[in-house]
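Laboratory data are not the source of any read-out in this text; all were calculated from the coordinates shown. A quick note: this is a predicted structure, and the numbers were derived from the prediction, not measured. Glycine gets a Cβ as well: all are built from the backbone with ideal geometry, and neighbour counts include every protein chain shown.
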Amino acid sequence: MQPNRMLPNRSRTSVLVFLLPPLLLYGAAVLFPILQSLFLSFFSWNGISDMEFVGLDNYVRMFVADDIFWRAFLNALLYLAICLVLQLGGALLVASLLTSLHRGRELIKTLYLLPAVISTVAIAFLFVRIYSIDPVGLLNQLLHWMGLGSLERPWLSDVNTVLAAVSAPEGWRFTGLYMLIIYAALIAVPKELEEAAVLDGASRWTLFTKIRFPYIRPVWITTTIMATTYGLRGFDIPYLMTNGGPGQSSELLTTYMYKTAFTSTDFGYASTISVFIVIECLVAVGLILFLLKRKADS
Amino acid sequence: MITQAAPASPPEVVPPRPEVSRRRRKPNLFRTLSRVLIMLIVIVQVYPLAWLFLTSLRTEEDFATGDPFALPGSLTWENYARAFETGDLGRNILNSFVVTMGANVLIVLLGMMAAYAIQVLGFRLSKLVRGLFLIGIIVPVQIALVPLFIDYSAVNLLDTYQSMIIPLAGFSLPMSVYLFCSFYEYIPKETYEAASLDGAGPYRIFGLITLPLSLNTVVTVVLVNSIFIWNDFIFANTFVLSEDLKTIPLGLQNYIGAMGKVDWTATFAAVCVTITPLLLVFLVLNKAMIQGMESGATKG
C-alpha cells in the first residue's frame, strides 16, 4: 500500500537510482559525521597518537570539571537571547509597522534585507570600527553627541559589554530575513477578519493580539525555530571579532569547541562539546514546539 | 517543519491597499509615529553599509583623525589600488564563484532527485527518509567539522574545492528537498498517468515533465542558498589552507595580517569590492530573492 505513489509502473531500481545519490552526499556530509562525533566523544585523541577509549570521561569532565564549558554555555544562552530579541522582536515590529504604510514597502523590504547579503567577515570588520574608541567609532561618537559621554568605552575589550557587542551584529544581520517572513504572513491575514474587529471597536492592540498574532502563529513558530537554531550555531562574528576574549567573556560553545578541536587538537573532547550542541538544539526545538503549540491549544 | 499548506510558487505579493487610504483621513498620530520609527530602523540597517563605502573612499589621514560621521573631505580611489595590490581579490572571487556554482549544481540536482523519489515515485520508507532530512535542518554545521577534517585527511581531500562544496551542499540539501517536495505535491496526478499510458518510464517522465516544471523552484533554491554559500566562512576556514583556494571570506580575513598593520581604508575598499557581485545580483533579482526567502521559510 503506497498512498503517495503517482507512477503506476515504476521499478524498484528507479527509486534507488533517484534516491541513492542524494542520500550518499547527505550521509557523507551530515549523517555520518554526526555518528562519528558521537563515537569520538568516548575517546581521547589528538589526531596523531592512538585513540584511547575513555568511556564517559569526556562527559564527566565537561559537566563537572570544566568551568569554561559552563561559562561558554551561559554566554551562548545570553547571545541567543539578544539575537532573538533583535531578530524576532525587531522583525515583528517592523513587519507590523510596514503593513500600515502605503508606499515604499518594496523599497524598505529591500533595504532592510541588505545586511543579510554581506559576509560575516565584512560585518566583523565593520563592527570593529563601529565599536572602536581610538579613532572614535560611530557608536561612541553617537553617545558623545547625545550627552552620554560617560557610556563611551571600548565595547569589545570591556568584559561587561563584549558579549552584547558581539551578539548585536548577528541580530542586526538577519532581522530583515525574519521581517520578510512575518510580513508575508501578516498581509495574508484575511481583511474581513480585521475589518469586522475594527467595526466592533477593537483597538490596535486587541486587533494585534486577538486577530493577527493567532493567525500568524504557525509562521511565528517556524521563524522562532529558525532564529533559535541559527542563534545556537552562531560562530563567525564572535570568533572573528574577539575570538572569545577578553578572557572567556565572549566565548560561546561553538567557539570553545572550535578552539578545543583545532587549537588544542583535542578531537575527543571537542566532539563531546559538539554532541552537546546538537542535543541543545534538539531540546530547544522540542521546547519551542511544546510551549508554542500548547499555548495555541489552550 | 511546521507549515501551512501553501501554493508551491507563491502568488505575486501585492500589498492590498488598506481601505483607510482612500478615505483621506486627517494625518493621524499613529501613522506618523510608525513612519518615523520605520525610517529610523531603516537608517540603522543601511547607514553602516553606506559608511563602509564612504570610508573606503577616504584618505588614511582623514579616517584616522576625522569625525567618523563627517563626509570625506576629498575622495580617493587610492585605497582600491592598494587593496588590489595586497590581496588577490580576483582569485578569491573566482574561488567563491566555483564553490557556489559547484554546491548549487549538487543541491538542485540531488534535491530534485530525492524529492522525485519521495513524492512522485513513492516507496515504503519515504516518511523515514523525509525525517532524516529534517535532522539536517536543525543540526548545527559545527558538528561536522571535526569528523570531516579527519575523513578528509584520510582520503586526501583537505585543501580542495570539494572539501568546501561537499558539506555546504550536504547541509543545504534538506531545505532543497523540502522545497521541491512541496512543489511536486501540486503537480496533478493525471499529468503523470497520461505520460505513463503513453509508455514513458520514470526516467523519461523526470526529464520531460518534472524537470522542466521545476524551473521556478530551482531559481528559489539557488538564490536562497547562494547567499549562505557565497559567504561561508567556517568550512573554508577549517578545510582550506593554501592561498590559491581561498574564498572571499578567507581572503578578506587574511587582509589584516598580510599588511602587518591594519590598513582600514584599504581593507574597507577590499570589502566593498568583494560584496559587490552578490549585492548586484541581489539588487537585480531582489524580488525573486525576497519571494524565495519568504517561501523557503514558511515551507521549510
In nm, the gap between the two label points placed 7 Å beyond Cα toward Cβ at A:S11 and B:L134 is 3.4 nm
Hits for chain A under the membrane-span-like helix rule (DSSP H, Cα axial span at least 30 Å, Kyte-Doolittle mean at least -1.0) are A:162-186, A:267-297
Each residue of A:96-106 has, on average, a number of other protein chain C-beta atoms within 10 Å of its C-beta equal to 5
Inter-chain shielding metric for B:110-121, i.e. average beta-carbon neighbours from other chains within 10 angstrom, reads 6
Scoring chain A by relative contact order with C-alpha pairs under 8 Å, at least six apart, yields a percentage of 28 percent
Hull surface over four for the Cα convex hull of segment B:55-206, reported in nm², is 16.0 nm²
Surpassing 31 Å at the alpha-carbon level, of the pairs A:K295/B:K127; A:K210/B:K127; A:K259/B:K287; A:K109/A:K191; B:K127/B:K189, are A:K210/B:K127; A:K259/B:K287
Quick calc, the protein assembly as shown, dipole around Cα centre from Cβ unit charges on Lys, Arg (+) and Asp, Glu (-), nearest 20 debye, gives 2580 debye
FRET efficiency (A:L74, B:K189; Cβ distance; R0 56 Å; to 0.05) is 0.55
Of all stretches in chain B that avoid trypsin sites (Lys or Arg not before Pro) placed in a DSSP loop and having at most 13 other Cβ atoms within 10 Å, the longest is B:125-260
Computed, not fitted: 222 nm per-residue ellipticity of chain A from DSSP H runs ≥ 4 (each -39500 (n - 2.57)), nearest 500, equal to -20000 deg cm²/dmol
Taking Cα atoms only, helix B:89-115 is inclined relative to the longest principal axis of chain B by an angle, in degrees rounded to 10, of 20 degrees
Rounded to the nearest 10 degrees, the helix B:126-138 long axis (Cα) sits at an angle to the longest Cα principal axis of chain B of 10 degrees
Stretched fully, the stretch from A:L35 through A:L101 gains (0.36 nm per residue minus C-alpha distance, one decimal, in nm) 18.7 nm
Given the candidates B:A169, A:F125, B:V271, the one whose Cα lies deepest towards the positive end of the charge dipole of the protein assembly as shown, counting +1 at each Lys or Arg C-beta and -1 at each Asp or Glu C-beta, is B:A169
Cα-based Rg then Dmax for the protein assembly as shown, in Å, read 25.3, 80
Segment A:49-297: spread of alpha-carbon positions along the three principal axes, whole Å, largest first, is 73, 49, 30
If R0 = 35 Å, then A:D67 and A:L291, at their Cβ-Cβ distance, give a FRET efficiency to the nearest 0.05 of 0.70
In nm², the average projected area of the convex hull spanned by the Cα atoms of segment A:112-172 is 4.6 nm²
With label points set 7 Å from each Cα along the Cα-to-Cβ direction at A:L20 and B:E61, the distance between them in nm comes to 7.0 nm
Once the in-chain neighbours fewer than 8 apart are removed, the aspartates and glutamates whose Cα is under 16 Å from B:K246 read B:D88, B:D159, B:D232
Taking Cα atoms only, helix B:145-154 is inclined relative to the longest principal axis of chain B by an angle, in degrees rounded to 10, of 80 degrees
Share (percent) of C-alpha pair distances in chain B greater than 28 Å works out to 55 percent
Counting other chain Cβ atoms within 10 Å of each Cβ in A:42-49 and taking the mean gives 1
A:K210 and B:M39 label points (each 7 Å along its Cα→Cβ direction) are spaced in nm at 3.4 nm
Sorted on mean Cβ neighbours within 10 Å (highest first), peptides A:261-269, B:268-276, A:91-99, B:149-157 come out as B:268-276, A:91-99, A:261-269, B:149-157
Total charge of the residues flanking B:R204 in space, meaning their Cβ is under 15 Å from its Cβ, with Lys and Arg +1 and Asp and Glu -1, is -1
